[in-house]
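The next block holds one structure in the form of structure tokens; read it before the comments.
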Amino acid sequence: MATNEAAAIVPHEEPNPALLHHFVTEEQQKNAASLGMWLFLAQEVMFFGGMFCAYLVYRYKYFGDFGSASQTLNIWYGAINTAVLLCSSLTVVLAVRAAQLNKRKALTMWLVFTILLGLVFLGVKGIEYKEKFENHHVPGPSFAYHGTVPSHPDQQVNPRHAEIYFSLYFAMTGMHALHMIIGVGLFGTLAVWAWRGKYSANYYTPIENAGLYWHFVDIVWIYLFPLLYLIDRHR
Amino acid sequence: MTEHSNASQNTATPHEHISSIGSSVAIWIVLLICTALTAGVAFIDLGPLNTIVALTIATFKAILVVLFFMHVKYTHEKLTGLVIVSAIFFLFLLLTLSMADYTTRLWH
Amino acid sequence: MATAVPVDVTERETYLNSGYGIKSWLLTRDHKRIAILYLLSVTLFFFIGGFFALLIRLELLTPAGDLVQSDTYNKLFTMHGQVMVFFFLIPAVPAVLGNFLIPIMIGARDLAFPRINLLSWYLYIAGGLLMVYTILAGGVDTGWTFYTPLSTEFLKTDVITAAIAIFIAGFSSILTGLNFIVTIHRMRAPGMTWDRLPLFVWSHYATSIIQVLGTPVVAITLVLVALERLLHLGIFNPALGGDPLLFQHLFWFYSHPAVYIMILPGMGIVSEIVCCFSRKRIFGYKAMALAVLAIAVLGFLVWAHHMFVAGISVYSALVFSLLSYFVAVPSAVKVFNWTSTMYKGSITYQTPMLYAFGFIGLFTIGGLTGLFLACLGIDVHVTDTYFVVAHFHYVMVGGMVLAYLAGLHFWWPKITGRMYPEGWGKLAALIVFIGFNLTFFPQFILGYMGMPRRYHAYPAEFQVLNVLSTAGATILAVGYLLPMVYFVWSIRYGKPAPANPWNAAGLEWQVPSPPPTSNFEEQPIVTWEAYNYEELGEIPDQQEVPVGH
């Protein structure tokens, strides 16, 4: 660890051990990794995009039913989780900064904080899912829904349409949670390696790319929160 | 591993942007305020405006995260922007051309 | 460098002799070895898919259902489609030839992410094994398109494993595309500017865009199909308030551009070959490069022409019909420019060029009949008939498979260091061309007469044309097996290939055949334009090439 940190201070005439054989310069390697990560995120946009498309279509078709079903969600869970994720995004930014400044302990600490915040998010999500189970709002044989369209209190909601809302709710938040779990696992590995001194100002690409991934997952939630929890409450 | 690498072409890593704690925390606070704002507005009945306000705030937050937390504002790499714009563009195609069918159907 | 220092092939270090044993292959990160792994595996899946095609054609020899009944027949055409589309047509050219050639063509030592490249192959194999399991467990009968609610509600077969197999193979495809884009952006040698890139690289760049941005949509759609089947959700089930057309929108958003994943790399191959065997610079380089990008982007705007009779809105059908015509423009630019490149060229008729001729003609027929189908009125008449089957086989087999064979022959000396037997090559090219047309041209007529696809039995009046088609398929099978035999033969007995047997332009011909593991001894610096054939002279007569120098 000590040698690694020393190497960062001395201008390195020797080739960086992290430079892979098929790259000519470190800059080339770093730019390749960064572009690769951004392309991966572009892929992720389209991956979630399929579900956003389904949401948009059914929200258009079953507007009132979606509004009613949306009201059953607890805004506070959603808002708290948004805040938790935003905090974790900040800790990721600080982790990258610590890596850039060669601060091994700070880097590890911020990564651990990120993991903890990720777990808090997943915990809150778990509580929400549990409530859905108790209220029979999980799509499937036991699904039951009674409610009226918000703007037309005399109009009953078609439970099948509400079930589609909850199918999409579980698909979207479930896929998001799966990404969170992968992210937590990723940061767990990185935290161990960071503690062992694998990263320095010379080489912190994995931290940076994992950070980009985490911010992306945050952005997905930034959209899921209003779409699922907020926008149909009055109509 | 490095036997092929041409040491003479090794240049030091270019100056990466190191975000200051102050500006990061400032962005973070703005994001939290936006979250509180969007949650609060949801309780007020603005008619169709509820949707617009919620999505505008979400987009504003997303832009902040992309520009500042993901360092896109400071990158010298034009390609990053191109990748982001392409992804959004193709998502836009998927959503609009699908909705073009649903919104113009003569049957329901 | 074309006249490099003579080195004995048996002693020089190449990517083939740099390590022996199964581990040196299964754990390799060398793009050339991974390409060979892909070559073996896509060939396997090609013959699995071909086996189903053979059974289909055998059943259709007679009007009655005598070989198989409808249940089995449904499985046959489904497995044929899924294996061919997802495990042969989509990966074949990019993962074999693209993988092998792109780094060398741009003067790089490897792809940007060698480990991810190997991961792609393992994902492909994982998906492939799951597909094989699905086949052995009884197969699926959804049609390759997985249309809901048939696939989610009514069929008793293993739809979920088939969907997961394709999901996994999809991520293999995404990672290959991602790797190519980064490689082409970041790994080019000094002087290899964007306007000096071989069109083969350009077309793979366009293909990769589709792979990265299209494939995830079908991936999540198949996840939803699997979930819906497992948990009886209603997202795509009209009985539960869902919309089956939404499935079709999401499916075709990827699966129409997927056609361009198949054909664009083939166009790249043909551009290389047409220049080489006409000894001319490509006509309209910039237009050719722009055309592949235009096809890639426009390809995303046309998907609902698969749904004209499915009940989409007439207004959006009109728009999609118009947009579908637009794709014809860059496609026509490609065909015109290949033709113009050949004009007044000194053309020689080696095997790769014969396949390229076949490609240009058959792709044009496939493309033009696509315009019929983009036309709303005609589409209503021929939807789900053999006209559609013939159309897409002209593009996928007449286009993509012929281009793949053309490329395999063209670069076989580079890949293996051995020449294939030219006489046999020409014969096989002829057999493939005749067999292909005899198989699929009658299907245009059958379709126009109204024979629907996906039925195992048909009225007796259609029999003559069906017999012709089955006869053609038999000839085609011979045409496919022949190269298999002489390619394998040539590895042992073929003449050792010189570095540049065709006297072709391009960096890949400046390294020895087969290339060393690191591709280039020292980093090349490119100072010439692509396809500088006027500086290269004629193709040497193969008999007089000083073999092994």
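The values are calculated or read from the model by the stated rules, or taken from the named source; none is laboratory data. The shown structure was predicted, so the numbers you read here are calculated from the model rather than taken from an experiment. Because the Cβ atoms are built from the backbone with ideal geometry, glycine has one as well, and the counts that use them run over all protein chains shown. Areas reflect the complete protein model, heavy atoms only, side chains present, ligands, DNA and RNA absent. Shrake-Rupley method; radii C 1.70, N 1.55, O 1.52, S 1.80 Å.
Scanning the range C:173-203 for residues that are farther than 18 Å from C:I104 by Cβ and either within 12 Å of another protein chain (Cβ to nearest Cβ) or open to solvent by less than 10 Å² (accessible area, probe 1.4 Å) (or both) returns C:S173, C:I174, C:L175, C:G177, C:L178. Of the residues making up the range A:116-149, those that are open to solvent by less than 30 Å² (accessible area, probe 1.4 Å) and in a helix (DSSP H, G or I) are A:G118, A:F121, A:V124, A:K125, A:E128, A:K132. Across the range A:32-55, the qualifying residues are those that are more than 7 Å from chain C (Cβ to nearest Cβ) and among the aromatic types (F, W, Y), and the one among them that is nearest to C:G107 (Cα to Cα) is A:W38. In the range A:17-31, the qualifying residues are those that are within 10 Å of chain C (Cβ to nearest Cβ) and assigned to a loop (DSSP other than H, G, I, E, B), and the one that is surrounded by the fewest Cβ atoms within 10 Å (Cβ to Cβ) is A:H21. State whether one or more residues within the range A:72-90 are among the aliphatic types (A, V, I, L, M), open to solvent by less than 10 Å² (accessible area, probe 1.4 Å), closer than 27 Å to C:V217 by Cβ and under 15 Å from the mean Cα position of the chain (by Cα). Yes, because at least one residue in the range A:72-90 is among the aliphatic types (A, V, I, L, M), open to solvent by less than 10 Å² (accessible area, probe 1.4 Å), closer than 27 Å to C:V217 by Cβ and under 15 Å from the mean Cα position of the chain (by Cα). Of all residues in the range A:208-230, one or more are among the polar types (S, T, N, Q) and within 14 Å of chain B (Cβ to nearest Cβ).
Checked against the criterion of being crowded, with 24+ Cβ neighbours inside 10 Å, of a type outside the set (S, T, N, Q), touching a residue at least 12 places away in the same chain (Cβ under 8 Å) and over 20 Å from C:H31 (Cβ atoms), the range C:89-105 has at least one qualifying residue.
When you look at A:T189, is it assigned to a helix (DSSP H, G or I), open to solvent by 20 Å² or more (accessible area, probe 1.4 Å) and among the hydroxyl-bearing types (S, T, Y), yes or no? The answer is yes for A:T189. Within the range B:28-55, which residues are more than 16 Å from the chain's Cα centre (by Cα), buried (at least 21 other Cβ atoms within 10 Å of the Cβ) and either more than 8 Å from chain A (Cβ to nearest Cβ) or part of a helix (DSSP H, G or I) (or both)? Of everything in the range B:28-55, those that are more than 16 Å from the chain's Cα centre (by Cα), buried (at least 21 other Cβ atoms within 10 Å of the Cβ) and either more than 8 Å from chain A (Cβ to nearest Cβ) or part of a helix (DSSP H, G or I) (or both) turn out to be B:T38, B:A39, B:N50. Is it the case that the range A:50-67 has a residue that's within 15 Å of the chain's Cα centre (by Cα) and at pLDDT 95 or above? No, there is no match, as no residue in the range A:50-67 is within 15 Å of the chain's Cα centre (by Cα) and at pLDDT 95 or above.
When C:A219, C:A206 are screened for being more than 18 Å from C:I125 (Cβ to Cβ) and open to solvent by less than 10 Å² (accessible area, probe 1.4 Å), only C:A206 passes. So, C:D141, is that one crowded, with 21+ Cβ neighbours inside 10 Å and either at pLDDT 95 or above or assigned to a loop (DSSP other than H, G, I, E, B) (or both) or not? Taking the combined requirement at face value, the residue satisfies it.
Of everything in the range C:153-175 that is polar (S, T, N, Q) and touching a residue at least 60 places away in the same chain (Cβ under 8 Å), the residue that is farthest from C:Y122 (Cα to Cα) is C:T157. Within the range C:398-435, if we keep just the residues that are without any contact (Cβ under 8 Å) to a residue 60 or more places away in the chain and open to solvent by 10 Å² or more (accessible area, probe 1.4 Å), the residue that is farthest from the chain's Cα centre (by Cα) turns out to be C:G423.
This table checks each residue for (1) touching a helix residue (DSSP H, G or I) at 6+ places or on another chain (Cβ under 9 Å); (2) aliphatic (A, V, I, L, M); (3) not in a helix (DSSP H, G or I).
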position: C:P216; (1), (2), (3): yes, no, no
position: C:L224; (1), (2), (3): yes, yes, no
position: C:F236; (1), (2), (3): yes, no, yes
position: C:G242; (1), (2), (3): yes, no, yes
position: C:L246; (1), (2), (3): yes, yes, no
position: C:F251; (1), (2), (3): yes, no, no
position: C:V259; (1), (2), (3): yes, yes, no
position: C:P265; (1), (2), (3): yes, no, no
position: C:R281; (1), (2), (3): yes, no, yes
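Mind listing whichever residues of the range C:316-355 are among the aromatic types (F, W, Y) and away from chain B (no Cβ under 14 Å)? Selection gives C:Y325, C:F336, C:W338, C:Y343, C:Y349, C:Y355.
If you scan the range A:135-190, which residues turn out to be among the hydrophobic types (A, V, I, L, M, F, W, C), more than 19 Å from A:R59 (Cα to Cα) and more than 10 Å from every other protein chain (Cβ to nearest Cβ)? Within the range A:135-190, A:A144, A:A177, A:L178, A:M180, A:I181, A:I182, A:V184, A:L186, A:F187, A:L190 qualify.
Within the range B:69-90, being part of a helix (DSSP H, G or I) and facing chain A (nearest Cβ under 8 Å) holds for B:F69, B:L79, B:T80, B:V83, B:I84, B:S86, B:A87, B:I88, B:F90. When the range A:57-71 is limited to residues that are facing chain C (nearest Cβ under 10 Å) and farther than 23 Å from A:E131 by Cβ, the one that is surrounded by the fewest Cβ atoms within 10 Å (Cβ to Cβ) turns out to be A:K61.
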